[in-house]
Structure formats: C-alpha cells, structure tokens
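Before any comments, here is the structure.
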Amino acid sequence: MKPFKKGQSGNPTGLPKDIREVIALARSHTTTAIEALAEIAGKASATESARVSAANALLDRAWGKPKDTVALENAEGGQPFQIVIRKLSDG
C-alpha cells in the first residue's frame, strides 16, 4: 500500500452510494420516529422502561447526550479533594 500524498484524501468520493441511500431513507422517517418516541414516552400503559428509553432518546436528539465527565473545583483553592470511603458497621 502506498501512503497518500500530502493533501490527498483517502476517501475522495466520500461514503459509498448505497450507504448514502440508506442514510437518506432513514432520515426521511425522522418525523415518524420522533412521533413514535413521543407517543411511547407519554403512554401510561407502556412499561416504565419503554417510557424512560423513549424519553431519553428524545432528549438526546433534542439536547445532545450528556457528557460523562464531572468537574470538581475546590472553593478553598490549591488543596486537592480527599475522598474517604468507610465501611459502615453492622451494629
């Protein structure tokens, strides 16, 4: 295999045509899918897990998925946080 020349794309034509067609077909059903998710999320007879999954899918699409990181800041400055884990006694 030859390396690509500087400024040359490894995929100059982008996605294959059949994949682009599948993406376009899926996107054409966006409104239907969102309506179905909203119906499931609001349906009292749906299982709780189905309602939560539908609600999460709607929120993720509307606002993006939440980040998995947590930032902690020490208000006193300079001193690192100390995390202590203690086993509670049985009595």
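The values are calculated or read from the model by the stated rules, or taken from the named source; none is laboratory data. Since this is a predicted model, take the numbers as computed values, not measurements. Heads up, the Cβs are rebuilt from the backbone with ideal geometry, glycines too, and the neighbour counts pull from every protein chain shown.
Summary of computed values
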quantity	calculated
Complete set of residues in region 36-69 that are surrounded by 14 or more Cβ atoms within 10 Å (Cβ to Cβ) and of a type in the set (Val, Ile, Thr)	40
Scope region 1-26; condition modelled with pLDDT of 85 or more and surrounded by 10 or more Cβ atoms within 10 Å (Cβ to Cβ); matching residues	19, 20, 21, 22, 23, 26
Residue count, region 5-49 (criterion: within 21 Å of the chain's Cα centre (by Cα) and basic (Lys, Arg))	1
